Amino acid sequence: MARSARRRGGDVVGGPLSGGRLRSTLRESLFSAMDELVRRDGWAATSIAKLAIHTGVSRQTIYNEFGTRDGIAQTYLLHRIDVMLDAAEAAVLANCDNVEVGLRAGLEIVFDQFDQPLVQTALANGGIGSEELVPLARATNAHATARVANLLLELQPDLVEPATTTFADALARVALTHALVPTHDRDEAIDRLVRVAIVFLGGPR
């Protein structure tokens, strides 16, 4: 006879989800709740207690998984950035025969996915009105820069350091600025970034 699920502190234990799958489901549930709460109440008012109530997950389980509220924020930010960059990188590499088309497709994904409120809060001015998010913003920017630099090197192996990382940092920051505080319409901003990147990579290939 299959063992029935038991509930403890609002969590399901021993149900059909277990191990890594259960952990992944838990994290996605918390990340979705964080999106909603930050959009509604702002980061400063989003507490572990609110997350627990919103998701039906015990506070102790959340603390066990992430340690602190900042731990949740850092895990959330890096996860969201990686999901976005995975999709953008796939679009770029799928068009290796036309780098300009690939870069445009990748940047379109980046612009379209910058709708998660905590990503916006953390990356716009290091956390609008929240000094505690500044270190998280820096860590996220560094992570994104490293991934962009690796992609540029994959597209053009002849590039050298530290120029590649410096350019990747500038490209990431300009893309974030355009996405979060647009000074041009979306297509024009993407076109400008593509043109700059093509010049750095050595022209159309």
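The values are calculated or read from the model by the stated rules, or taken from the named source; none is laboratory data. The shown structure was predicted, so the numbers you read here are calculated from the model rather than taken from an experiment. Cβ: placed from backbone, ideal geometry, glycine included. Neighbour counts: every protein chain shown.
Here is a check on your reading of the model: is residue 165 modelled with pLDDT of 70 or more, in contact with a helix residue (DSSP H, G or I) (Cβ under 6 Å, 6 or more places away or on another chain) and farther than 22 Å from residue 72 by Cβ?
Answer is yes for this residue.
Out of the range 56-73, which residues are in contact with a Ser or Thr (Cβ under 8 Å, 6 or more places away or on another chain) and either at pLDDT below 90 or farther than 21 Å from residue 23 by Cβ (or both)? First the steps, then the outcome.
Of the range 56-73, the ones in contact with a Ser or Thr (Cβ under 8 Å, 6 or more places away or on another chain) are 57, 66, 69.
Matches in the range 56-73: 66, 69.
Check residue 152 against each of (1) crowded, with 19+ Cβ neighbours inside 10 Å; (2) assigned to a loop (DSSP other than H, G, I, E, B); (3) of a type in the set (A, V, I, L, M) and name the one condition it does not meet.
(2)
Assess whether residue 166 counts as being surrounded by 15 or more Cβ atoms within 10 Å (Cβ to Cβ) and either under 18 Å from residue 88 (Cα atoms) or without any contact (Cβ under 8 Å) to a residue 12 or more places away in the chain (or both). Walk me through it before giving the result.
On the way: surrounded by 15 or more Cβ atoms within 10 Å (Cβ to Cβ): no; either under 18 Å from residue 88 (Cα atoms) or without any contact (Cβ under 8 Å) to a residue 12 or more places away in the chain (or both): yes.
Spelling it out, it is not the case that residue 166 is surrounded by 15 or more Cβ atoms within 10 Å (Cβ to Cβ) and either under 18 Å from residue 88 (Cα atoms) or without any contact (Cβ under 8 Å) to a residue 12 or more places away in the chain (or both).
Please indicate, with yes or no, whether at least one residue in the range 61-78 is over 30 Å from residue 190 (Cα atoms), hydroxyl-bearing (Ser, Thr, Tyr) and loosely packed, with under 13 Cβ neighbours inside 10 Å. Before you say what the answer is, go through the steps one by one.
Applying the first criterion (over 30 Å from residue 190 (Cα atoms)) to the range 61-78 yields 61-72.
Pick out the ones that are also hydroxyl-bearing (Ser, Thr, Tyr) and you get 61, 63, 68.
Imposing the further condition that a residue be loosely packed, with under 13 Cβ neighbours inside 10 Å reduces the set to 68.
There is at least one residue in the range 61-78 that is over 30 Å from residue 190 (Cα atoms), hydroxyl-bearing (Ser, Thr, Tyr) and loosely packed, with under 13 Cβ neighbours inside 10 Å.
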